[in-house]
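Bear in mind these aren't lab numbers, they're just calculated from the coordinates by the rules spelled out. This is a predicted model, so every value here is computed, not measured. Please note: Cβ atoms are built from the backbone with ideal geometry, for glycine as well, and neighbour counts cover all protein chains shown.
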Amino acid sequence: MDQKIAESIALLRHQIISPVLMDSDKSAMAYFCKMEQKNFDVPGRGPRRFAATTMRLWLYRYRKNGFTALTPKLRGDRGKTRSISEETKIRLRHFRNENLDLSCVKFYDRAIKEGILKYPAICLETLRRFLKSEGLYKNQERTPRKRFEMRYFGELWTADFMHGPHLLNGKRKKRAILMAVIDDHSRFLAGFQWGFAENTELLESVFKEAILSHGCPDRFYCDNGSAFSSKYLSLVCANLGVGLVHSKPYDSPSRGKIERFFRHVRQNFLPDIKEDDLSWTLKRLNEEFSIWIRDHYHQRTHSGIQMRPIDRYQFSIREYPRKRVDEETLEENFLCSIQRSVGKDSTVSVGTIIYEVPPEFIGQRVELKYLQDKPTEIFLYNNGHRVTKIAPVDSQHNGQTYKPSPRISNIALHSIKGENS
């Protein structure tokens, strides 16, 4: 307990017993019986009621030892977990050292499953306090850090997702999610967009637009989420010559610049959005956010660089221009690739749709590529080169143009030979 809070509680107790300090025990007890019906605002604890016997004990202690006797005493086992036996503590320490990568919730479930904890011997919060006291909590480890900053725009981009407000999506409300890419040197937002899912489709849209507008970065820094750790993003970065770097699990401080930007969004942009206002759609959210970034965030002095992000971006881009990629080449690098075997009827199936391919590929294993935002536009590749764009099978059209070869009987064949002779 804080010393100031303990002193405030002692003063409250003295205030309660002050009217009867010089009275007899009988009259004091009658006073305390009336006071036990009253609520007192106890510092650090909130509204409380006290039993008459408790207040009488304060009076006895004060008469005997003075004001210091009214100060609350700390527990002798303060800071210790009383519901976990010493044997269990030893097993938990050993098991935690073997599973430091697990979150507290997952570690709790694993410990129960392995029999180290017998459910419901302790609750999750008790385990959490124990791990923190032992320095075994997931974020407890202190990694030595130094403040850093890239010299030019585009040397390092940091990307992440942020959960936002609930918006109407069809007939139901769904949480909007912001995908943002920030430049380490200028704090300039290279790309951003609100969507409804943390997936590679939203990532593709933001990353592709950022590269198209500002050129390729040297490195792309992100966490270990499913979208960022996907094979798709690894191939995109490899094809574009961009270094893909992942942070350590649960190491949010290493992505401090974008985390700070998200805090700025929560404090300065999101309060204006009313979730009960049905006019707030995903389209409007993206439009309003784009205006806010352009007129507010990029135009105000950033305390980390002591200048406006737009100014530092413009100064840097003149001294250190980025490598540009044309739209056609960029789309080629962002294509998703799948493998399919061509059937005897010159078709392949992608999902629930059957596509027709040139007949020379019958029986072969072919590569098909498509954009995530245009999944029905599929291209056929052979040895890494684009052959053609394939289309869904039109059975009726094929039926009109199909001409079956007539079967010639042996009698007809002999008569034809006789005529020819």
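Tabulated data
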quantity: Options [x] 1.00; [y] 0.97; [z] 1.22 - which one matches Rg/Rh (Cα atoms, Kirkwood Rh) as calculated here; calculated: [z]
quantity: Added length on full extension, which subtracts the Cα-Cα distance from 0.36 nm per residue, N97 to D326; calculated: 77.4 nm
quantity: Residue of L233, L124, L11 that the Gaussian network model of the chain assigns the largest fluctuation, springs spanning Cα pairs under 10 Å; calculated: L11
quantity: Residue with peak Gaussian network fluctuation, the chain [Cα springs, cutoff 10 Å], from S27, S186, S346; calculated: S27
quantity: Candidate lysines - alpha carbon under 20 Å from K389, same-chain residues fewer than 8 apart omitted; calculated: K344, K369, K374
quantity: Cleavage-rule hits (chymotrypsin sites (Phe, Trp or Tyr not before Pro)) in region 1-60: DSSP loop, at most 13 neighbouring Cβ within 10 angstrom; calculated: none
quantity: Mean Cα-pair separation over length for the chain, i.e. relative contact order, pairs under 8 Å, 6 or more apart, %; calculated: 9 percent
quantity: Filtered trypsin sites (Lys or Arg not before Pro), region 303-353: DSSP coil and at most 11 other beta carbons within 10 Å; calculated: K344
quantity: Total formal charge among the other residues, if their Cβ is under 11 angstrom from that of G164, Lys/Arg +1 and Asp/Glu -1; calculated: +2
quantity: Estimated FRET transfer efficiency when R0 is 25 angstrom, pair T71-K38 (beta carbons, to 0.05); calculated: 0.70
quantity: Alpha carbon centroid spacing (whole Å) that separates region 14-70 from region 153-184; calculated: 56 Å
quantity: Cross-link table K173/K248; K208/K257; K171/K208; K34/K64; K4/K132, entries beyond 28 Å C-alpha to C-alpha; calculated: K173/K248; K171/K208
quantity: Separation of the E201 and D23 label points, Cα + 7 Å toward Cβ, nm; calculated: 7.5 nm
quantity: Neighbour-count order for I317, I16, fewest beta carbons within 10 angstrom listed first; calculated: I317, I16
quantity: Residue order, fewest to most surrounding Cβ atoms within 10 angstrom, among W292, W157; calculated: W292, W157
quantity: Cα-projected label distance for S279 with E134, points at 7 Å along beta-carbon direction, nm; calculated: 5.6 nm
quantity: Most fluctuating residue given options T200, T158, T53, as computed from a GNM of the chain linking Cα atoms under 10 Å; calculated: T53
quantity: Calculated FRET efficiency for the pair L235/D345, C-beta based, R₀ 35 Å, to 0.05; calculated: 0.65
quantity: Linear extension gain, D394 paired with R172, 0.36 nm per residue minus alpha-carbon span; calculated: 76.3 nm
